[in-house]
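Data block below; observations after.
The values are calculated or read from the model by the stated rules, or taken from the named source; none is laboratory data. Worth saying up front: this structure is predicted, and the values here are computed from it rather than measured. Cβ placement follows ideal geometry from the backbone for every residue including glycine, while neighbour counts extend to all protein chains displayed. To get the accessible areas, we keep the full protein, side chains included, count just its heavy atoms, and leave off ligands, DNA and RNA. Shrake-Rupley method; radii C 1.70, N 1.55, O 1.52, S 1.80 Å.
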Amino acid sequence: MADSGGVNRDYDRSFSQKLTFALIHAGIVATCIWLAFGSIDWPNPMRARLLAFCAILYWARHCVTLFVLLKRQVAYSEVFGLSVFIAVFEIGFVLLGAGILTDSPALLGGMDWIALALVLLGSYLNSGSELQRWQWKKQPSSKGHCYTGGLFEYATHINYFGDSVLFTGWAMLSASMFAWGIPIFVTAGFLFFHIPALDKYLSKRYGVEFDEYAATTAKLVPFIY
């Protein structure tokens with residue numbers, strides 16, 4: 001299929017590209033771990049460690065996506081471009097949460113545990129929905145059909161909603177207003193770029209089956225939009 005939403009959706013193993021991506025991301029996570037658990041005397045060491053945990057979780061999910069779920073072609077331009085973005089928010093969140101811009105400790109409180117819960121919930125919505133679809137696609141009867149079950153019953157792009165929830169919790173956990181640009185940027189990208197392009201691709205691929213599903217199902221936020 002032709003490019004859609006900024007990526008090429010043709011089938012391709014792209015193993016070397018995916019391995020490169022995973023290794024670069026591993027290096028970014030290693031930097032987060034070093035910053036959080038190293039000898040630097042941060043005002044908020046525990047917050048930095050929780051943020052490093054978020055980076056580890058995101059990397060583990062990324063590896064599952066790359067080597068299990070993702071069947072389309074991955075270009076080196078995508079690998080390096082997204083690696084820069086990942087480095088910005090993962091290392092940036094650790095530094096902000098650790099207190100690089102302040103000398104005053106930001107003690108962990110109830111809102112931080114809510115933030116961590118959002119990270120876990122968002123991770124489940126994204127990876128859980130993708131794994132459900134992957135299992136369904138392995139059935140011979142699924143060939144040529146659009147998946148509308150599992151978590152996708154609640155929104156046609158529930159996986160994207162999961163990422164919006166994830167990044168919202170991640171930004172909250174950093175305890176810095178400067179972190180909020182990431183969830184805003186990610187969600188805006190979904191709303192104004194990825195979703196319109198992907199809907200056009202899915203409508204062309206599945207026809208009436210997808211159009212009827214999209215017409216009766218929330219687009220991003222279950223029961224709301």
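Here are some notes:
- Some residue of region 215-225 being farther than 17 Å from ILE158 by Cα, exposed (fewer than 13 other Cβ atoms within 10 Å of the Cβ) and modelled with pLDDT of 95 or more: no
- Number of residues in region 176-225 that are of a type in the set (Val, Ile, Thr) and in a helix (DSSP H, G or I) equals 6.
- Count of region 117-158 residues which are free of Cβ contacts under 8 Å to residues at least 40 places away in the same chain and touching a Leu at 6+ places or on another chain (Cβ under 7 Å): 4
- For region 136-163, the set of residues classified as assigned to a helix (DSSP H, G or I), open to solvent by 10 Å² or more (accessible area, probe 1.4 Å), within 21 Å of LEU118 (Cβ to Cβ) and not aliphatic (A, V, I, L, M) consists of GLY150, ASN159, TYR160, PHE161, ASP163, listed by residue number.
- A single entry from SER104, SER127, SER142, SER176 fulfils the requirement of being among the small types (Gly, Ala, Ser), within 24 Å of CYS63 (Cβ to Cβ) and out of contact with any Pro (no Cβ under 6 Å at 6 or more places or on another chain): SER127.
- Lone qualifier among GLY150, GLY181 - being among the small types (Gly, Ala, Ser) and under 24 Å from ALA215 (Cα atoms): GLY150
- Test for ALA106: is it open to solvent by less than 30 Å² (accessible area, probe 1.4 Å) and either outside any helix (DSSP H, G or I) or under 30 Å from ALA175 (Cα atoms) (or both): no
- Listed by first and then second residue, the pairs with beta-carbon distance under 7 Å, at least 6 apart or on different chains, first residue in region 69-92 and assigned to a helix (DSSP H, G or I) and open to solvent by 30 Å² or more (accessible area, probe 1.4 Å), second charged (D, E, K, R) and modelled with pLDDT of 95 or more, are LEU69/GLU130.
- Matching entry among TYR206, TYR201 (being at pLDDT below 95 and surrounded by 16 or more Cβ atoms within 10 Å (Cβ to Cβ)): TYR201
- Near pairs, Cβ below 9 angstrom, 6+ apart or cross-chain, from region 24-53 (in a helix (DSSP H, G or I)) to any residue that is among the basic types (Lys, Arg) and open to solvent by 20 Å² or more (accessible area, probe 1.4 Å): ILE33/ARG49; ALA36/ARG49; PHE37/ARG49
- The one condition from (1) modelled with pLDDT under 95; (2) open to solvent by 40 Å² or more (accessible area, probe 1.4 Å); (3) of a type in the set (A, V, I, L, M, F, W, C) that LEU23 does not meet is (1).
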